[in-house]
Amino acid sequence: MLEKLEEIRRKYDEVRARLADPDFVQDHRAVRDAQKTLTEFEPIVSKMDESRRIRKELDGARELVESLSPGDELYQMASAERSALAERLEAVEQELKVLLLPRDPNDSRNVFVEIRAGTGGEEAALFAAQLFRMYQRYAERMRWKVEIVDRDDTGIGGLKAITALLEGDGAYSRLKYEGGVHRVQRVPATEASGRIHTSAATVAVLPEAEDVDVKVDEKDIRVDRFCASGPGGQGVNTTYSAVRLTHLPTGLVVQCQDERSQIKNKAKAMRVLKARLLEIERARQEGAIAAERKKMVGSGDRSEKIRTYNFPQSRITDHRIGFTTHRLQEVLDGNLDELIEPISAYFQAERLKEELAKA
């Protein structure tokens, strides 16, 4: 680990020196790559500096404790400071180990979020709409751009399905663990007896593919054009602006009807198609038979839940890690970090265990 850290420090210093060279900065592509390297290494170097500073302070605290007798007035304070510094050093070194884990190459990418109503009829569709609003509000907090690619409304505020692109730095890294079945327990507005219903919606999270990742031949695509349905006004609903793409080799079907322009709809649909093809390729490389998206959403049955939203008790429970919070409304208003942070920390710890087992 120490050798790896020193190598990172050496490369970091080299890149900084290059960026100070007037001749080097003339090459814009090289500058962009160098800045990307700095961005990747800066958290590690910063944590290394913090570790070095704490070690120095800890050595000083140890020397002070050793120079004092237990009966000395400063002994207890010095001992407490030594213990606190030792705990902080252990935490920082753990954080360094996590930072050294191999990065997911998709972490910095934009993300497609697909939400579909599952078990529960109209109540499931209303819950799907609420989940989308939750992610939309979270995107606003993160200052990401949200583009709706396709949506299928129920007419009374619910969503049978919706696909949206969330564009922003690190969008996939923040949302990649949101995929799965989300279950809701509450009394529907239409329930006169006050009985609690259980419904579900599925969420799939796909990193946006780049052109270098997926090549799609036009001859492999069948393009169908049709009139858009749902809200959007007369101009959208009476012209053949909606586009459906069928990828003939895989049978994947993607459609977009959110824009008035047929060209824009086709471009959006193509981005979704490439993201799904990237997931299939990644699943194939990992030795999986089914696409990651299929594993992620299952059948939409309530029993496959990853998370439960219990309205009567204002409780959200993530079943993968047993984490519970009673701040349901705040989470639905977009304060998702309360759920994202612990689940990310859990999976990072699992990856660290795997890496240490390999060493």
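The values are calculated or read from the model by the stated rules, or taken from the named source; none is laboratory data. None of these values were measured; they are calculated from a predicted model. No Cβ is skipped: glycine too gets one built from the backbone with ideal geometry, and neighbour counts run over all protein chains shown. Ligands, DNA and RNA are excluded from the accessible area calculation, which covers all protein heavy atoms including side chains. Shrake-Rupley method; radii C 1.70, N 1.55, O 1.52, S 1.80 Å.
The tail of the calculated P(r) for the chain beyond 34 Å holds 43 percent of all Cα-Cα pairs. Computed from Cα positions, the angle between helix 337-358 and the longest principal axis of the chain comes to roughly 60 degrees.
Along region 214-225 the Karplus relation, 6.51 cos²θ - 1.76 cosθ + 1.60 evaluated at θ = phi - 60°, assigns HN-Hα couplings of 10, 9, 10, 7, 4, 6, 8, 10, 9, 10, 10, 10 Hz to successive residues, with x for each Gly and Pro. Think of a 1.4 Å ball rolled over the protein heavy atoms: the chain then has 55 Å² of accessible area per residue.
Residues whose amide H lies under 5 Å from that of V149, counting only those 5 or more places away or on a different chain, are T163, A164, L165; hydrogens are built 1.01 Å from N in the peptide plane.
Between amide H atoms placed 1.01 Å from N, distances below 5 Å from A228 occur with T239, S241, A242, all of them 5 or more places distant or on a separate chain.
Legend: calculated FRET efficiency, S67 to H197, from the Cβ-Cβ distance at R0 = 51 Å, rounded to 0.05, equals 0.15. A simple rule links phi to the HN-Hα coupling: the Karplus curve 6.51 cos²θ - 1.76 cosθ + 1.60 with θ = phi - 60°, which for region 88-95 gives 5, 4, 4, 5, 5, 5, 5, 5 Hz, with x for Gly and Pro.
Extending 7 Å from Cα along the Cβ direction at D59 and again at K264 yields two label points whose distance is 6.2 nm. Rounded to the nearest 10 degrees, what's the angle between the helix 121-142 long axis and the longest principal axis of the chain, both from Cα atoms, 0 to 90? Computed tilt is about 40 degrees. In this entry, region 314-359 is assigned a mean projected area of 3.2 nm², taken as a quarter of its C-alpha convex hull surface.
In this simple spin-label approximation, R10 and R32 carry label points 7 Å from Cα along the Cα→Cβ vector, and these lie 2.9 nm apart. On the basis of the beta-carbon distance and an R0 of 41 Å, Y75 and E95 show a calculated FRET efficiency of 0.85. Measuring nothing but protein heavy atoms, the accessible surface of the chain at 1.4 Å probe radius is 49 percent carbon and sulfur. Working note: Karplus 6.51/-1.76/1.60 with θ = phi - 60° gives region 270-280 the couplings 5, 5, 5, 4, 5, 5, 5, 5, 5, 5, 5 Hz, where Gly and Pro are set to x.
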